[in-house]
Amino acid sequence: MHGTGVDSGAVDVTKGRQILPANVVPRHYDLTLEPDFEKLTYDGTVIVDLDVAEASTSISINTLELDIHSTKITSGSQTISSSPDVSYNEELQTTTISFDKELPKGSKAHLEIKFTGQLNDKMAGFYRSTYKNKDGSQGILATTQMEPTDARRAFPCFDEPALKAEFTVTLIADKKLTCLSNMDVASETDLTSGTKRAVKFNKSPPMSTYLLAFIVGELNYIETDKFRLPIRVYAPPHQDIEHGRFSLDLAARTLEFYEKTFDSQYPLPKMDMVAIPDFSSGAMENWGLITYRVVDILFDPKTSGASVKQRVAETVQHELAHQWFGNLVTMDFWDGLWLNEGFATWMSWYSCDKFYPEWKVWEGYVTDTLQHALGLDSLRSSHPVEVPVRRADEVNQIFDAISYSKGSCVIRMVSKYLGEDVFMEGIRQYLKKHSYGNTRTDDLWDALSKASGKEVAEIMRIWTKHVGYPVVTVTENESDKTIHVKQNRLLRTADLKPEEDTTLYPVFLGLRTKDGIDEQILLKEREGVFKVPDLDFFKLNANHTNIYRTSYSPARLEKLGEAARDGLLSVEDRSGMVADAAALAASGYQKTSGVLNLLKGFDSETEFVVWDEILTRLSTIQGTWMFEDQRVRDGLESFQRDLASEKAHRYGWEFKDSDSHLEQRFKAMLFGSAGLPGDKTIVQAARDMFARFSQGDKTAIHPNIRASVFSIVLKYGGSKEYDVILDTYRKSNNSDERNTALRVLGRAKDPELIKRTVALTLSGEVRDQDLYMPIAGLRTHPAGVEAVYNWMTENWDELVRRLPPELNMLDSIVSICTSAFSSREDLARIQKFFEGKNTRGFDQTLAQACDAIRAKTAWLERDRDDVYNWVNSYSAKSIKI
Ligand code: BES
Ligand code: ZN
């Protein structure tokens with residue numbers, strides 16, 4: 001057997017799972033729901049057709065915060081049980097019905113439950129979302145969010161992804177309200193009494209409970225016939241439905257593209273996509289009825305900029321990819337979440353690239369997805385891509401950069417290894433073989449092996465079953481023209497213990513030389529020696545398609561800087577190299593001064609993506625040095641201005657229709673990067689635009705630079721500017737503009753204004769879904785970091801009440817409120833606060849925040865003097881000039 005030693009320590013994901021007994025298997029649900037917008041409840045009846053797999057005298061079904069009125073079990077014409085003898089297990093979230101008469105093995109049974117549920121305001125299960133009508137009255141919409149484990153909150157069900165069943169849904173509601181579900185309408189029947197009707201939907205194909213959806217409310221829609229099936233975008237009446245046009249058209253083209261690419265017809269009769277005013281994540285891929293946060297589907301080209309457009313495209317294409325990958329073929333349990341999210345993430349980039357080649361999204365992938373993955377995975381408290389999930393409340397925390405970004409990087413790596421065409425052939429086979437079924441990671445590797453003839457699992461399983469990734473250290477041997485490479489796990493805290501460094505990752509070196517790229521060299525051992533045709537020029541990890549960082553000697557790094565200037569490196573190489581160098585400095589592999597010099601050397605760089613990485617990395621250094629000597633912080637700020645100003649002036653901040661997408665994003669970034677640290681001309685320009693905006697000229701600020709203009713005038717202004725921005729948040733009917741305003745408010749540093757921002761968060765004016773925005777703004781300056789932490793600790797009970805830990809928002813709040821600190825004292829303060837508190841639902845995120853602080857503490861201790869000296873000499877030089 002190969003590689004037995006290599007894979008030691010791999011996790012067994014099936015151990016200790018809390019799952020339902022397998023004595024009965026659901027086949028069909030007949031579900032009827034009648035929401036009551038006055039009482040904010042709904043009455044429901046569910047009839048589940050069951051196969052009895054083992055002789056049974058009890059049935060356990062998931063329920064959560066449901067009021068069960070009656071249960072009845074029948075087998076053929078026989079009533080087995082209609083007693084109210086149910087028991088509830090809070091830990092497992094199950095209701096168990098026990099009965100005396102035995103259901104024989106191999107028989108069929110019906111389980112009927114009548115219940116009442118809450119139309120809650122927690123954005124989970126069957127919940128209510130509210131909005132203001134144009135006449136000022138309040139509108140209500142009932143909608144669902146089931147993933148991961150809240151279908152049980154909506155109705156009693158066997159709430160596990162592998163327990164696929166067919167669904168027939170009926171909604172009873174006022175005739176004037178729109179009723180939607182996964183399927184199309186089968187019949188509408190007026191009820192004899194009153195103004196209501198029953199809308200019955202056609203039976204769905206077999207599907208997982210977490211993908212079920214139903215919506216009742218007043219909704220407008222637009223429709224397209226550009227796809228073979230009807231596609232609609234719906235929104236509540238206070239929104240301009242025309243803003244759904246971009247997503248609608250893109251959905252039509254994308255569905256057609258996916259049908260072709262996957263060689264698999266979209267199996268439902270329609271696709272509806274709905275904008276929901278209160279929504280906990282960005283979007284949800286419910287089969288045939290995708291729900292979205294408003295800003296992630298409605299796009300007004302007149303009032304929103306290029307990056308918003310890209311985000312909407314990404315979101316639409318991501319959720320549509322799930323219709324196959326996730327919905328048609330589903331992971332068998334939550335430890336396989338990465339299959340869903342990693343693939344949909346990769347697929348959204350793949351299709352964005354096909355539809356908008358001029359956006360060059362793969363170049364941006366290296367600064368975006370790859371860096372997210374490498375960032376989180378450099379913490380001790382990260383987790384393997386395939387992560388053991390035992391309990392429902394552990395699931396939410398793994399919707400993170402590991403499942404999404406590292407998962408996507410694993411897909412990208414294997415697609416490059418096999419070649420995109422062969423990879424897609426494997427995906428087609430996988431989808432065909434497992435349609436309407438459930439899979440594990442190995443099923444994907446099997447399909448890819450069959451398509452390629454290569455041993456895929458052998459290489460890939462280490463990447464999904466083990467936490468972390470390596471740093472590859474390169475040394476050179478001039479005499480025999482070889483390079484020596486050695487891999488070790490990378491930990492940002494720079495305190496790796498030998499027992500944490502036992503995994504040997506199969507690393508594709510991706511050696512770039514003057515002869516091209518060698519994609520085949522694989523480092524499987526700890527170290528290896530490889531021939532290089534010419535030591536004058538080489539680089540590892542060409543285009544950064546592989547999951548590792550490279551540590552070069554300072555001399556080699558300098559040579560690579562030259563190679564970048566000489567045009568020998570791709571955009572991905574350049575940005576990836578900057579990212580690696582900066583991340584390695586943060587982890588103790590080199591000096592921060594070296595990185596600052598490297599950044600300075602990129603002066604002649606012309607590409608947006610590379611500048612994006614440069615400025616992000618500088619801002620990471622600034623973030624870590626946030627509580628340090630003011631002179632050093634000022635010096636770093638001047639450096640930022642010096643890097644960006646000249647270019648910002650050259651490119652300007654006028655936006656023309658003829659500007660390409662990337663030009664727009666580049667200009668916008670430069671404007672902000674030079675303006676925030678005080679470029680005089682830009683500050684003045686921002687003030688002028690803002691003055692016109694304040695006087696009512698809503699076109700005075702181009703949406704591409706709205707956030708920067710707001711941030712700049714607030715930084716160099718005060719309460720007058722704050723009031724205008726707050727007013728924009730309150731009055732604008734453009735969600736993107738409102739969000740920008742809300743995010744920027746936190747940047748105000750004046751103690752009085754900090755107080756106002758903090759007070760705003762829980763005043764009732766900010767939707768729970770948006771709570772993180774003003775506090776993320778506060779995190780950008782020291783007084784704000786302190787304020788936000790105090791806000792969290794002082795309002796802890798209220799926060800837990802509003803954002804229950806088992807849902808997915810509290811953990812991001814904890815992360816935002818804690819992880820900006822960088823000292824041991826602050827870490828101790830945070831640990832003390834949570835000591836003795838129940839950290840269920842956010843324990844992993846908290847551990848990651850603490851690790852991030854530890855990493856910064858260690859970085860500062862290593863490089864405090866180094867950066868001080870660098871800034872001193874930099875400032876001395878700039879003064880001379
Ligand atoms: N399946 C997720 C939505 C989700 C997230 C459900 C967390 C439950 C918990 C959906 O497909 C998704 O990934 N949405 C992303 C948007 C996407 C563009 C990355 C999101 O919500 O941010
Ligand atoms: Zn997703």
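The values are calculated or read from the model by the stated rules, or taken from the named source; none is laboratory data. These numbers were taken from a predicted model, which means no experiment stands behind them. When we count neighbours, we look across all protein chains shown, and the Cβ atoms used for this are built from the backbone with ideal geometry, even at glycine. When the accessible area is computed, the model is the full protein with side chains, heavy atoms only, and any ligands, DNA or RNA have been set aside. Shrake-Rupley method; radii C 1.70, N 1.55, O 1.52, S 1.80 Å.
Taking Glu835 as the residue in question, decide whether it is touching a Leu at 6+ places or on another chain (Cβ under 7 Å) and loosely packed, with under 15 Cβ neighbours inside 10 Å. Answer is no for this residue.
Residues that are at pLDDT 95 or above, charged (D, E, K, R) and open to solvent by 80 Å² or more (accessible area, probe 1.4 Å) number at least 1 in the following strands (runs of 3 or more DSSP E) confined to the range 1-120: 24-36, 41-52, 66-75, 108-118. Taking (1) buried (at least 20 other Cβ atoms within 10 Å of the Cβ); (2) of a type in the set (Val, Ile, Thr); (3) touching a residue at least 60 places away in the same chain (Cβ under 8 Å) in turn, Thr616 satisfies each apart from (1).
Filtered by the rule that a residue be more than 30 Å from Leu799 (Cβ to Cβ) and of a type in the set (Ser, Thr, Tyr), the range 830-881 gives Tyr868, Ser873, Tyr874, Ser875, Ser878. Considering the conditions (1) of a type in the set (A, V, I, L, M, F, W, C); (2) open to solvent by less than 60 Å² (accessible area, probe 1.4 Å); (3) in a loop (DSSP other than H, G, I, E, B), Leu636 is excluded by exactly one of them, (3). All conditions in (1) part of a helix (DSSP H, G or I); (2) crowded, with 22+ Cβ neighbours inside 10 Å hold for Ala748, with the sole exception of (1).
Considering (1) buried (at least 21 other Cβ atoms within 10 Å of the Cβ); (2) in a helix (DSSP H, G or I); (3) away from ligand 2 (no atom under 16 Å from the Cβ), the lone condition that Ala373 does not fulfil carries the number (3).
Given the structure, is Ile547 part of a loop (DSSP other than H, G, I, E, B), touching a residue at least 24 places away in the same chain (Cβ under 8 Å) and of a type in the set (Val, Ile, Thr)? Taking the combined requirement at face value, the residue satisfies it. Within the range 487-527, the set of residues being within 26 Å of Arg854 (Cα to Cα), surrounded by 16 or more Cβ atoms within 10 Å (Cβ to Cβ) and touching a Lys or Arg at 6+ places or on another chain (Cβ under 7 Å) comprises Gln487, Leu490, Leu491, Thr493, Leu496, Asp501, Thr503, Leu504.
Considering only residues that are away from ligand 2 (no atom under 16 Å from the Cβ) and either under 17 Å from Asp768 (Cβ atoms) or within 31 Å of the chain's Cα centre (by Cα) (or both), which ones fall in the range 134-148?
Residues satisfying the conditions are Gln138, Gly139, Ile140, Leu141, Ala142, Thr143, Thr144.
When we screen Glu363, Glu341 for residues that are within 12 Å of ligand 2 (Cβ to nearest atom), among the charged types (D, E, K, R) and touching a helix residue (DSSP H, G or I) at 6+ places or on another chain (Cβ under 6 Å), the only hit is Glu341.
Taking the range 516-551 as the range and being of a type in the set (Ser, Thr, Tyr) and touching a helix residue (DSSP H, G or I) at 6+ places or on another chain (Cβ under 7 Å) as the test, the residues that pass are Thr545, Thr550, Ser551.
Scanning the range 539-555 for residues that are surrounded by fewer than 23 Cβ atoms within 10 Å (Cβ to Cβ) and over 31 Å from the mean Cα position of the chain (by Cα) turns up Ser553, Pro554, Ala555. Scanning the range 421-443 for residues that are in contact (Cβ under 8 Å) with a residue 40 or more places away in the chain and either within 22 Å of Glu314 (Cβ to Cβ) or open to solvent by less than 50 Å² (accessible area, probe 1.4 Å) (or both) yields Met424, Ile427, Tyr430, Leu431, His434, Ser435, Gly437, Asn438, Thr439, Thr441. Residue check: Gln93 meets all listed conditions (1) of a type outside the set (D, E, K, R); (2) in contact with a helix residue (DSSP H, G or I) (Cβ under 7 Å, 6 or more places away or on another chain); (3) without any contact (Cβ under 8 Å) to a residue 12 or more places away in the chain but one, namely (3).
Go through Val308, Val312, Val295, Val316 for me and flag whichever is open to solvent by 10 Å² or more (accessible area, probe 1.4 Å), assigned to a helix (DSSP H, G or I), hydrophobic (A, V, I, L, M, F, W, C) and within 12 Å of ligand 1 (Cβ to nearest atom).
On inspection, the qualifying residue turns out to be Val295.
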